[in-house]
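Remarks on the structure that follows.
The values are calculated or read from the model by the stated rules, or taken from the named source; none is laboratory data. It should be emphasised that the depicted structure is a prediction, and the values quoted were computed from it without experimental measurement. Here the Cβ positions follow ideal geometry from the backbone for every residue, glycine too, while neighbour counts run over all protein chains shown.
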Amino acid sequence: MGIWQRIKALFSSNVNAILDAAEDPKAALDQLTRDMEVELRNTKQYLAEAIVNLKKLERDYEKHSQLAKDYEEKARIILSDDDESNDYLAKEALLRKKENENVAAQFKAAADKQRESVETLKRNLQKMERKIEDAKRKKGILLTQKQIAETQAKIVSATSGASVGSGAFEEYKRLEEKIDDQTQRAMVDVELNKVASVDDQLEDVTFGSEVDKEMESLKQQLALEGKGPAKQLPPGK
């Protein structure tokens with residue numbers, strides 16, 4: 001995987017999957033950061049070489065531009081002495097002027113392209129530096145997010161296990177139902193004991209003299225109504 005692909009991976013939404021694939025997520029992030037810094041140093045070296053080459057092209061351009069000016073000046077001097085016998089020298093000077101102008105133009109075109117490359121390298125270098133600084137800041141955040149995600153996964157697993165009834169939660173539920181059943185049974189036993197107690201109390205009741213008197217009065221009333229034998233009342237009653 002290239003360095004830019006690694007940088008992209010570091011900032012992608014699948015970073016947790018990438019960290020999960022690593023045996024040691026912190027070590028993986030540290031290694032990515034080191035790789036970025038190595039690539040940054042390499043880019044700085046490329047930029048330095050590109051700048052050196054640019055300066056060389058600019059010097060060559062200036063050199064041949066100056067030679068072209070010098071040959072033009074020589075041609076002027078030769079032509080200014082009014083000696084036609086030296087005209088061939090003036091022509092030769094102008095020919096060399098033209099040659100140096102052509103070479104200078106080539107160096108200028110090359111320097112212009114190299115300057116564009118240098119500017120591109122500078123922009124890429126600045127972007128890389130920002131991304132590396134951002135990666136260093138986010139490294140701790142990413143590790144914390146991974147720990148949070150792992151903790152949340154454990155919580156979800158625990159709560160889902162409790163919802164379907166397993167482990168200690170299921171055992172607690174069974175114990176709760178057992179205690180509730182025992183409580184209901186105890187309440188029924190109490191009510192039954194209350195009924196039995198009343199019956200026992202009724203059986204233990206003995207009729208006193210008042211009841212005997214009422215029975216005697218009832219019998220006499222029935223005798224008067226002709227519905228039962230009359231009972232002789234004691235004298236004086």
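Numbers below:
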read-out	value
Meets criteria (modelled with pLDDT under 95, of a type in the set (D, E, K, R) and more than 30 Å from Lys113 (Cα to Cα)) for Glu37	no
Some residue of the stretch 194-202 being modelled with pLDDT under 75, over 30 Å from Val38 (Cβ atoms), in contact with a helix residue (DSSP H, G or I) (Cβ under 7 Å, 6 or more places away or on another chain) and among the small types (Gly, Ala, Ser)	no
From Arg130, Arg115, Arg96, residue being within 30 Å of Tyr46 (Cβ to Cβ), assigned to a helix (DSSP H, G or I), touching a residue at least 24 places away in the same chain (Cβ under 8 Å) and out of contact with any His (no Cβ under 6 Å at 6 or more places or on another chain)	Arg115
Residue count for the stretch 61-86, restricted to those that are farther than 30 Å from Arg115 by Cα and in contact with a helix residue (DSSP H, G or I) (Cβ under 7 Å, 6 or more places away or on another chain)	5
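The rows are residues; the columns are (1) touching a Leu at 6+ places or on another chain (Cβ under 9 Å); (2) at pLDDT 90 or above; (3) assigned by TED's automatic domain parsing to the domain that holds Ile51; (4) surrounded by 10 or more Cβ atoms within 10 Å (Cβ to Cβ).
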position	(1), (2), (3), (4)
Ala109	no, yes, yes, yes
Gln114	yes, yes, yes, yes
Lys139	yes, no, yes, yes
Glu150	no, no, yes, yes
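Residues are listed down the side, and each one gets a yes or a no for (1) closer than 27 Å to Pro25 by Cα; (2) acidic (Asp, Glu); (3) surrounded by fewer than 12 Cβ atoms within 10 Å (Cβ to Cβ):
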residue	(1), (2), (3)
Met36	yes, no, no
Leu57	no, no, no
Lys63	no, no, no
Ala93	no, no, no
Lys97	no, no, no
Arg130	yes, no, yes
Lys146	yes, no, no
